[in-house]
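A quick write-up on the structure given underneath.
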Amino acid sequence: MSLGKRAFIAFQYALPKHALTAFVHSLARLKWLKRPLIAGFSKLYPIDMSEAAEPDPRRYRTFNDFFTRALKAGARPLAAAPRAIVSPCDGTVSERGTIDGERLLQARIEAKSHWYTLGELLGDDPRARDFTGGEFATIYLAPYNYHRVHMPIEGRLTGLNYIPGALFSVNRATAEAVPRLFARNERVVARFDTVAGPLALVFVGALNVGSIGIVGFGDLTPRRPRAARSIEVPPGTQVFARGAEIGRFNMGSTVIVLLPRGRGRWTPEFAPGATVRVGATVGELVG
C-alpha cells in the first residue's frame, strides 16, 4: 500500500466521523447554501442533468434534494426478461459471487483477501442462515452516481433493522485496508419475501452519508441513540415491483444484495469493476 493510502486510512481512524457527517448532513439541507454547493459539486464531478426529472439545478430546494434527484421517465429502461435480476442502483461492482458458507469477500489485494461474515453484516440476526452458501453482490455508489435504490426482483418488505457502527469511507482504497468494513459501518438491512425466497438489501452508511431513507418509512439514519433497533413493518406492507424505488442514500455509499442458495446466478458481465445502471440485467433467477 502506498504511503498516501496509508495516511488516508490512518486519518479516517482518527477523524470524528459521526460529528463530521452530522455537520455535512446539516449543510446539505440549508437552502441558502444550495447554489455554491451545487456549483462546486458540479465542477468536481460529471453530472448528467439531462437524465434528471428536473434538469435545472436552480429549481432544487437544497443541495440534498439535488443530490437525491429523481430520474425522468425512461432514463433507466427495465430489463424485459421476466426472470431477470436487475441492478438495484447505479454504481461500480466491488465484488460479487457465491457466499463461502458464512463468509463474503470484501476485497482482493494481490495474494491477500478481506472477508466478513453474514452474522457480522446482519447484526447476528438468526435469519442470516437463510443466505448461507447463497449469492451476494456489492455495488459502490460514487458521489456522481444516481442515489436512489430500486428492487432487483419483486418482493414484499418483511423487516427493517438499523445496525449502528462506524462511518468509514467505502471507496476501494478503504475496502482494501479496513477489515470487515461493511460489517463495521452503520447500516440498514431491508428484508423481503420473493419468488426466490428471502432477499436482503443492505444499505451501508459511510463518511458524509447523512442519512438512509426507506420508502414509506422516511429517513432511518441518523438515529439517537445509536443502538441496534428493529423497525416495525406493518402486516400487509405493499409489494415492491421489480425496478420500484425502495430507498435512497443522502450522499453516496454501498448496497449489498443477498440471495439464498441456488436461487440466482450473476451474468459474466456483472463482474468486479463493471459499471452498472438501475434496471439493467445483472443475473437471473433459477430453480
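The values are calculated or read from the model by the stated rules, or taken from the named source; none is laboratory data. No experiment lies behind these values; they were computed from the predicted model shown. Cβ placement follows ideal geometry from the backbone for every residue including glycine, while neighbour counts extend to all protein chains displayed.
Structural remarks
- Restricting attention to the stretch 171-212, the residues that are in a helix (DSSP H, G or I) and either in contact with an Asp or Glu (Cβ under 9 Å, 6 or more places away or on another chain) or not aliphatic (A, V, I, L, M) (or both) add up to 7.
- Residue 29 part of a helix (DSSP H, G or I), surrounded by 13 or more Cβ atoms within 10 Å (Cβ to Cβ) and not assigned by TED's automatic domain parsing to the domain that holds residue 186: no
- Strands (runs of 3 or more DSSP E) lying entirely in the stretch 130-170 (those with 1 or more residues that are modelled with pLDDT under 95): 155-163
- From the list 5, 72, the one residue that fits, being surrounded by 12 or more Cβ atoms within 10 Å (Cβ to Cβ), among the charged types (D, E, K, R) and touching a strand residue (DSSP E or B) at 6+ places or on another chain (Cβ under 9 Å), is 72.
- Scanning the stretch 209-252 for residues that are touching a His at 6+ places or on another chain (Cβ under 8 Å) and either polar (S, T, N, Q) or without any contact (Cβ under 8 Å) to a residue 24 or more places away in the chain (or both) yields 211, 250.
- Candidates are the residues of the stretch 213-236 that are within 17 Å of residue 203 (Cβ to Cβ), of a type outside the set (A, V, I, L, M, F, W, C) and in a loop (DSSP other than H, G, I, E, B); the one that is nearest to the chain's Cα centre (by Cα) is 221.
- Strands (runs of 3 or more DSSP E) contained in the stretch 72-122 and holding at least 3 residues of a type in the set (S, T, N, Q) and either in contact with a helix residue (DSSP H, G or I) (Cβ under 9 Å, 6 or more places away or on another chain) or not assigned by TED's automatic domain parsing to the domain that holds residue 48 (or both): 91-98
- Each residue in the stretch 172-187 was checked for being surrounded by fewer than 19 Cβ atoms within 10 Å (Cβ to Cβ) and of a type outside the set (Lys, Arg), and 2 pass.
Here's the yes/no breakdown for (1) surrounded by fewer than 22 Cβ atoms within 10 Å (Cβ to Cβ); (2) in contact with a Ser or Thr (Cβ under 9 Å, 6 or more places away or on another chain):
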{"residue": "155", "(1), (2)": "no, yes"}
{"residue": "166", "(1), (2)": "yes, no"}
{"residue": "189", "(1), (2)": "no, no"}
{"residue": "207", "(1), (2)": "no, yes"}
{"residue": "227", "(1), (2)": "yes, no"}
{"residue": "230", "(1), (2)": "yes, no"}
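- Test: residue in the stretch 204-218 that is among the hydroxyl-bearing types (Ser, Thr, Tyr), at pLDDT 95 or above and assigned by TED's automatic domain parsing to the domain that holds residue 106: no
- A search for C-beta distances below 8 Å between a residue of the stretch 253-271 that is over 17 Å from residue 188 (Cα atoms) and any residue that is of a type in the set (Lys, Arg), counting only pairs 6+ apart in sequence or on different chains, returns 266/96; 270/96; 271/96.
- A Cβ distance below 9 Å, combined with a sequence gap of six or more or placement on separate chains, defines the contacts here; from the stretch 142-163, residues that are more than 13 Å from residue 245 (Cβ to Cβ) reach residues that are crowded, with 23+ Cβ neighbours inside 10 Å and of a type in the set (Asp, Glu) in the pairs 142/90; 145/90; 162/186; 163/186.
- Residue match in the stretch 162-171 (condition: touching a Pro at 6+ places or on another chain (Cβ under 7 Å) and over 13 Å from residue 257 (Cβ atoms)): no
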